[in-house]
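The values are calculated or read from the model by the stated rules, or taken from the named source; none is laboratory data. Not measured: the values here are computed from a predicted model. Glycine also receives a Cβ, built like all others from the backbone with ideal geometry; neighbour counts cover every protein chain displayed. SASA here: full protein model, heavy atoms, side chains in, ligands and nucleic acids out. Shrake-Rupley method; radii C 1.70, N 1.55, O 1.52, S 1.80 Å.
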Amino acid sequence: GDTTCVQGCDGNWKNDGTQMQNDVCGICGGDDSSCEDCAGTPNGDNQIDDCGTCNSDSSNDCVQDCAGIWGGTAVYDECVSESAPNGTCGGDNSSCIDCAEIPNGDNELDNCGNCDNDSSNDCQQDCTGEWGGLVEIDDCEICGGDGPEENYDCGSNCVAELDCQGICGGNDGPTFQCQPPNPCVVCNPVDCNNLDSDCNSMDISPYLLPDEFGISKIFPNPFNPVTQIQYELTQFGLIAIKIYDIQGRVVDQLMNEYQSPGHYSLNWNAGNHASGMYIVEMVMQLENNEVSRDLQKILYLK
């Protein structure tokens, strides 16, 4: 009947108040330490995450960065590719920026250094091969040329009327009035006998034909890079026109064909040659093998 006699957790009966008790961890005679969490709270729910942080909030638990480091700060940049579908880990977007410094952008530099994504305005080569150059091919298919000389076509053929001096498109027109009933105005009185009633020539008038063979004019001289060579033929023959350098080497052949008597001109473009003195040689070979030759110097200055 002794109510002070109490059995402790170890099974011993005592009535002096020293009975052994269970701690909060359920350990008989324990000191509550066997069930402490990371914060030292017995039976607490705090846990240490992979970065060593102790708390009971799982929402802020430590995570791995893109490099696999717990709590690391490395992230993927915007440079997505087949080999890096998520981007470059720890990258700064420099591996995929375009010429406008836009990551994964589609801007490109053209051959003139212009950066855009419009291929319709890409830089083009001119006829000299220079990117962005302005040199064009003229109507005679000559790069950088000025086109045919006035009153001539690209083959140096006159396309205008010859005046009384035999000059293509010249201003020396006919002024002599033939005697009635002939209504024609001619260059020379003898021409009145060579015209029909409609003032059309019935044969070749002597004033239309040159009276001397040779190179009549080269202009401009000096030149850069195109000059025109005018020449006259008094007879039908094989005409050869060549360009020699100062050492006597042939650098270009401009003509090698048969031509009839008349006034002619042709152009020489020296753009592919060095500046300096050149010699123009014109040779006419007749059917009897008689040969006539004329030479003139020209100066090419770049």
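General remarks:
- Only one of Asn22, Asn55, Asn60 that is open to solvent by 80 Å² or more (accessible area, probe 1.4 Å) and touching a Cys at 6+ places or on another chain (Cβ under 9 Å): Asn22
- Candidates Val6, Val24, filtered to the one that is touching a Phe, Trp or Tyr at 6+ places or on another chain (Cβ under 9 Å) and not polar (S, T, N, Q): Val6
- The strands (runs of 3 or more DSSP E) found wholly in region 245-302 and carrying at least 1 residues that are over 26 Å from Ile137 (Cβ atoms) and among the small types (Gly, Ala, Ser) occupy 262-269, 291-300.
- Matching residues in region 25-50 - criterion: being in contact with a Cys (Cβ under 7 Å, 6 or more places away or on another chain), open to solvent by 60 Å² or more (accessible area, probe 1.4 Å) and in a loop (DSSP other than H, G, I, E, B): Ala39, Asn43, Asp50
- The single condition from (1) loosely packed, with under 13 Cβ neighbours inside 10 Å; (2) assigned to a loop (DSSP other than H, G, I, E, B) that Lys217 fails is (2).
- Residue within region 113-132 that is charged (D, E, K, R) and open to solvent by less than 50 Å² (accessible area, probe 1.4 Å) present: yes
- Filter pass, Glu257 being at pLDDT below 95, open to solvent by 50 Å² or more (accessible area, probe 1.4 Å) and closer than 16 Å to Asn157 by Cα: yes
- Filter pass, Ile69 being open to solvent by 90 Å² or more (accessible area, probe 1.4 Å) and at pLDDT 90 or above: yes
- Asp98 falls short on exactly one of the conditions (1) open to solvent by 60 Å² or more (accessible area, probe 1.4 Å); (2) at pLDDT 90 or above, and that condition is (1).
- When each of Leu238, Leu233, Leu299, Leu286 is tested for being open to solvent by less than 70 Å² (accessible area, probe 1.4 Å) and touching a residue at least 60 places away in the same chain (Cβ under 8 Å), the lone residue that passes is Leu299.
- A search for C-beta distances below 9 Å between a residue of region 213-229 that is farther than 18 Å from Ala274 by Cβ and any residue that is open to solvent by 10 Å² or more (accessible area, probe 1.4 Å) and outside any strand (DSSP E or B), counting only pairs 6+ apart in sequence or on different chains, returns Phe213/Thr234; Phe213/Gln235; Ser216/Pro210; Gln228/Glu149; Gln228/Ser156; Gln228/Pro220; Ile229/Ser156.
- Check on Asn200, modelled with pLDDT under 80 and open to solvent by 70 Å² or more (accessible area, probe 1.4 Å): yes
- Just one of the listed residues (Val190, Val283, Val291) is over 50 Å from the mean Cα position of the chain (by Cα) and modelled with pLDDT of 90 or more, namely Val291.
- Check on Pro225, over 18 Å from Glu287 (Cβ atoms), of a type outside the set (Gly, Ala, Ser) and either under 36 Å from the mean Cα position of the chain (by Cα) or surrounded by fewer than 18 Cβ atoms within 10 Å (Cβ to Cβ) (or both): yes
- For region 263-272, a residue qualifies if it is without any contact (Cβ under 8 Å) to a residue 60 or more places away in the chain and either open to solvent by less than 20 Å² (accessible area, probe 1.4 Å) or touching a strand residue (DSSP E or B) at 6+ places or on another chain (Cβ under 6 Å) (or both), and the qualifying residues are Trp268, Ala270.
- Annotation: Gly173 fulfils all but one of (1) at pLDDT below 80; (2) of a type in the set (Gly, Ala, Ser); (3) surrounded by fewer than 12 Cβ atoms within 10 Å (Cβ to Cβ); the unmet one is (1).
- Considering residues of region 260-280 that are over 35 Å from the mean Cα position of the chain (by Cα) and modelled with pLDDT of 95 or more only, the residue farthest from Ile218 (Cα to Cα): Ile279
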